[in-house]
Each structure stands twice: as structure tokens, then as C-alpha cells.
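Beneath this line is the structure, given in C-alpha cells, with notes to follow.
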Amino acid sequence: MKELDPKQTNRAEAFQLWMRAPMPMVTLVKTLDVTRPARLSRRGDLKFNLLLCWCIGKAASRVEEFYTLPVGEKLICYENLAVNTVVARKDGGIATCDVPFSESLDQFRRDYLALTAQVRETGAPYDLNGDYMVIGTSALPQTEMDGAVNIYAGCYNNPFLVWGKYRKKLGRASLPISFQFHHTQMDGGHAARFLENLQEEIRTLTP
């Protein structure tokens, strides 16, 4: 990763406008057709959450703005992406796990299963230590949700997606997803393109 001079990037105006804003986060909500991963998840270790996280990484990798993130007072450029997932610990608590994104679904699957198992066993979070631009996720499969607005703490500016239990109707599965992002990192048009990419990746998902 490397620090950028915001004035020399296409985010110069956004950096000026939003870095010191009291609430610079934007949330979009979109309902996705998740029939494909829902069906695939019935097969062995192709878990629904795993498949959705890979599609998120794949969709984000097609949007240049995902590789740049405001960190503190700086604008940082990354070469790699990761997807963070929440893992249920043995003691009933939760811990987070960063999974490096790979264009290969098989590689991502191996990393996802190994790293989440490690977090589950040890109870300790797995953090990639700043070498990756991390996309946060939180799945709440206990309930159906229409949308979610996450907290803004001022220190975690990473993009974040939240979803609940997918809905089944007439042989199809749908899922509302909330996508939160820092306005310095991207504009609404970039976020909309990411969500369209995400739907495309989900529909064309091939294990």
C-alpha cells in the first residue's frame, strides 16, 4: 500500500468535501436475486456466505475506487482486496476474519474455510494487518431484513455490507443487501456500478 496525494487523484474534490464531514458515510440498499448461490450452497462446502463474499470481492475488483481508502487524514492506495466476515466462536461470542480475495473461487474457498475454522477454534480475530483494502460484511441469517444502516465510528472507513436471511418465492431466492461506503472513497455512481457488478457475478456464478 502507499499514500497518495489527494490533489493528484480523481478523488481530490471528494477528499476536500467529505474527509472532515461529521457523517461522511452513504448507505444504498438493493434487493438481489441470489437463486444461484442459494442452490449451490446445498452442495458440500460451498456455503452461501462463502459464495456471496467471493462475489462481493469479484464485483469490487472491477471498480477502481475500491482500491483507495481514506485512513485517518490520509488517502491510501492498496494493491489487494480482502473480504471480512464475522465468525461465531465456540464460547458463543463473535470474532472477525479477513479473507484475501482471489480471482479463483477454489482458492478463496480454501482460504475462507481454513481461516474461519482457525478463528472459530482460537476465538481470536484474523487480521491482514493493513496490507489489503478490506470490505466488511455482516450476515444475520436469523431474520429477514429490508435494510440496515451501520454505525460510523470515525476510525473505520471501509465499505461494509449487511444482509439477513434470503427469501424464497416461486423457486427463486432474493436478498436485500445494505451497502455502506465513505463518500471520499467513491460516489453514488461507483457504488451503483458495484451493486450491478455484484448482481452479475451472482447470476453467472460458476463453481
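The values are calculated or read from the model by the stated rules, or taken from the named source; none is laboratory data. It should be emphasised that the depicted structure is a prediction, and the values quoted were computed from it without experimental measurement. Ligands, DNA and RNA are excluded from the accessible area calculation, which covers all protein heavy atoms including side chains. Shrake-Rupley method; radii C 1.70, N 1.55, O 1.52, S 1.80 Å.
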For Lys58, counting only lysines whose alpha-carbon sits under 23 Å away and dropping same-chain residues fewer than eight positions off, the answer is Lys2, Lys30, Lys47, Lys165
Computed [θ] at 222 nm, helices only, for the chain once each DSSP H run of length n ≥ 4 contributes -39500 (n - 2.57): -9000 deg cm²/dmol
Whole-percent pair-distance distribution, where bins are 5 Å wide, for the alpha carbons of the chain: 1, 7, 15, 19, 20, 17, 11, 6, 2, 1, 0
In vacuo Debye sum over C-alpha of segment 98-207, base-10 log of normalised intensity I(q)/I(0) at q = 0.16 Å⁻¹, listed in q order, is -1.00
If ligands, DNA and RNA are left out, what is the accessible area of Lys165 with a 1.4 Å probe, given in Å² to the nearest 10? 110 Å²
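Between Ala12 and Asp127, what is 0.36 nm times their sequence separation minus the Cα-Cα distance? Round to one decimal in nm. Spell out each step's value before the answer.
Details: separation 115, 0.36 × 115 = 41.40 nm, distance 2.95 nm.
Here the answer is 38.4 nm.
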Measure nothing but the geometry: give the 0 to 90° angle between the long axis through the Cα atoms of 48-60 and the longest principal axis through the Cα atoms of the chain, rounded to 10°. 30 degrees
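So what's the convex hull volume per residue for the Cα atoms of segment 158-207, in Å³? List each step's numbers first, then the result.
On the way: hull volume 5.2 nm³, N = 50.
Per residue, the Cα convex hull of segment 158-207 comes to 105 Å³.
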For segment 85-121 and segment 177-207, write down the distance between their C-alpha centroids in whole Å. 22 Å
Expected max-MSF residue from Gln142, Gln107, Gln180 in the GNM of the chain (alpha carbon, under 10 Å) is Gln142
Can you tell me the Rg and Dmax of segment 1-76, counting just the alpha carbons, in angstroms? 17.4, 49
Considering the Cα trace of segment 45-107, what is its radius of gyration and what is Dmax, both in angstroms? 13.9, 41
Can you list residues from other chains, or at least 5 along the same chain, whose modelled amide H is less than 5 Å from the amide H of Val34? Ala173, Ser174, Leu175
